[in-house]
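Below: one structure, written as structure tokens.
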Amino acid sequence: MQSILVTGSSGLIGSEVCMFFAGLGFKVHGIDNNQRAVFFGPQGDTRWNQNRLKRDLPGFEHHELDIRDRQGILGVVRELQPTVIVHTAAQPSHDRAAAIPFDDFDTNAVGTLNLLEAARQYCPESPFIHMSTNKVYGDAPNRLRLTELESRWEYADPEFANGIPETFTIDNSLHSLFGASKVAGDVMVQEYGKYFHMPTCCLRGGCLTGPNHSGVELHGFLSYLIKCNLDGREYQVYGYKGKQVRDNIHSHDVARFIYEFAASPRCGEVYNIGGGKPNSCSIFEAFALVEGITGKAQKFRYLEENRIGDHICYYSDLSKMRSHYSRWDITKSLDATIKEIVSAWQNNRSL
Ligand SMILES: NC(=O)c1ccc[n+]([C@@H]2O[C@H](COP(=O)([O-])OP(=O)(O)OC[C@H]3O[C@@H](n4cnc5c(N)ncnc54)[C@H](O)[C@@H]3O)[C@@H](O)[C@H]2O)c1
């Protein structure tokens, strides 16, 4: 029987990957220690999702482990020798990192190294998929020429008509401490692929979203925005006239790509993964989309100052993913994704 080890299994992407691979008959092992609740407080708690996996996936095994625990990670990987490793555990917030630099770096950079080295020692042939981020590009995308449209910013240079490609520079820009710790993990994952010929890849995410995100103000853009709308709570908009653009991909489409890579891996690859231009929206466009579905006006407060290093316009160029894995494409539209998140907050989870 094939087995998969998923770190961050109680989070948005980790839990989706667990469900997806269980559906294919894999034995699923998850590692999570609910660190999200430590990073973001009770609203970030992911135990409910861990319980959901336990309830819905017969045979799911949860390992209560911190990825910073090197001996613990070596021990689990030695014992399981999984056929696939998917690494999604992280300190995921740009803004939070500055207050907790050691926790951030130890989790995102050293935790990733712990897993890579364990994989090299005990299952070097197993595909290793790492969730990276578009913040590895720092604020360099903000140097592109932009056009201001009525409700959003847009790239003025036709070279970027399809979005930001993987060849974009990661140097000489402001990353935030989070972006820097993710660069360290990203480059290590590439290096284990190139140097040791291990089947690794980095997925540089735009906005990853879906009904199982424990959205908080500091992480989980759409999930949190929708929660505010349903709750009648004020959403804070930070600068850029509210026209800053993000591309949104449903976690199911992320899991589908992870499967394609695992089935036909390459060594040390990098892919930008997001919703692409068709699934992109500005904050104000997101308000309108959500209002159209819930019928509730979005309360918000506009603050002049933007978040440090925040992208003004970012959407992923998906050409490389599509050319390497032609069976993969986006299957969930932005509208359908928002509807799922609305319904999850309304029906399944307390507000
Ligand atoms: N969600 C996004 O918009 C987005 C965008 C770009 C990149 N990413 C990346 O994708 C990955 C997954 O993101 P997500 O949205 O699913 O995050 P998430 O916070 O929902 O899930 C991460 C899980 O990892 C666990 N975790 C954190 N630190 C841990 C540790 N030290 N040991 C064990 N478990 C730990 C958390 O408790 C949480 O359940 C992360 O690497 C993140 O940086 C996410």
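For the stretch 217-241, filtered to residues that are within 9 Å of the ligand (Cβ to nearest atom) and open to solvent by less than 20 Å² (accessible area, probe 1.4 Å), the residue that is nearest to residue 269 (Cα to Cα) is 220. In the stretch 110-137, the residues that are on the phi < 0 side of the Ramachandran plot form Cβ pairs under 6 Å with partners that are assigned to a strand (DSSP E or B) and away from the ligand (no atom under 14 Å from the Cβ), at six or more places apart or across chains, as follows: 126/84; 127/84; 128/200. In this entry, residue 340 passes the filter for residues that are in a helix (DSSP H, G or I), over 22 Å from residue 83 (Cβ atoms) and among the acidic types (Asp, Glu).
Every condition in (1) surrounded by 13 or more Cβ atoms within 10 Å (Cβ to Cβ); (2) within 20 Å of residue 238 (Cβ to Cβ); (3) modelled with pLDDT of 95 or more holds for residue 307 except the one numbered (3).
The set of residues in the stretch 1-29 being near the ligand (Cβ under 8 Å from one of its atoms) and either part of a loop (DSSP other than H, G, I, E, B) or without any contact (Cβ under 8 Å) to a residue 60 or more places away in the chain (or both) consists of 8, 9, 10, 11.
Scoring residue 258 on the criteria (1) out of contact with any strand residue (DSSP E or B) (no Cβ under 6 Å at 6 or more places or on another chain); (2) at pLDDT 95 or above; (3) of a type in the set (Val, Ile, Thr); (4) open to solvent by less than 30 Å² (accessible area, probe 1.4 Å) leaves a single failure, condition (1). Scanning the stretch 158-185 for residues that are open to solvent by 50 Å² or more (accessible area, probe 1.4 Å), touching a residue at least 12 places away in the same chain (Cβ under 8 Å) and of a type in the set (Val, Ile, Thr) yields a single hit, 169.
Being basic (Lys, Arg), within 21 Å of the chain's Cα centre (by Cα) and buried (at least 17 other Cβ atoms within 10 Å of the Cβ) holds for only one residue in 36, 47, and it is 36.
Among the conditions (1) open to solvent by 30 Å² or more (accessible area, probe 1.4 Å); (2) farther than 25 Å from residue 254 by Cβ, the only one that residue 100 does not satisfy is (1).
Beta carbons closer than 6 Å, at least 6 apart along the sequence or on distinct chains, pair a first residue in the stretch 51-72 that is free of Cβ contacts under 8 Å to residues at least 40 places away in the same chain with a second that is within 9 Å of the ligand (Cβ to nearest atom) and not in a loop (DSSP other than H, G, I, E, B) for 63/31; 65/31. Could we say that residue 95 is within 12 Å of the ligand (Cβ to nearest atom), of a type in the set (Asp, Glu) and open to solvent by 30 Å² or more (accessible area, probe 1.4 Å) here? So residue 95 fails the test. The set of residues in the stretch 111-149 being of a type in the set (A, V, I, L, M) and in a helix (DSSP H, G or I) consists of 113, 115, 116, 118, 119, 136, 140.
Inside the stretch 113-141, can you point out the residues that are β-branched (Val, Ile, Thr), open to solvent by less than 10 Å² (accessible area, probe 1.4 Å) and either near the ligand (Cβ under 10 Å from one of its atoms) or modelled with pLDDT under 95 (or both)? The answer is 136, and nothing else. Number of residues in the stretch 75-92 that are touching a residue at least 40 places away in the same chain (Cβ under 8 Å), farther than 28 Å from residue 44 by Cα and either among the small types (Gly, Ala, Ser) or open to solvent by 30 Å² or more (accessible area, probe 1.4 Å) (or both): the value is 4. Listed by first and then second residue, the pairs linking a residue in the stretch 309-333 that is small (Gly, Ala, Ser) to a residue that is buried (at least 21 other Cβ atoms within 10 Å of the Cβ) and modelled with pLDDT of 95 or more, with Cβ atoms under 6 Å apart and 6 or more places separating them unless they lie on different chains, are 309/176; 316/163; 316/206; 316/247; 316/272; 316/274; 316/276. Residue 203 - would you say it is of a type in the set (A, V, I, L, M, F, W, C), more than 16 Å from the ligand (Cβ to nearest atom) and either closer than 28 Å to residue 324 by Cα or part of a helix (DSSP H, G or I) (or both)? No; evaluated as a whole, the condition is false for this residue.
The values are calculated or read from the model by the stated rules, or taken from the named source; none is laboratory data. Here the structure is a predicted model, which is why all the values come from computation and not from measurement. Don't worry about glycine lacking a Cβ; one is built from the backbone with ideal geometry, like all the others, and counts go over all protein chains shown. When the accessible area is computed, the model is the full protein with side chains, heavy atoms only, and any ligands, DNA or RNA have been set aside. Shrake-Rupley method; radii C 1.70, N 1.55, O 1.52, S 1.80 Å.
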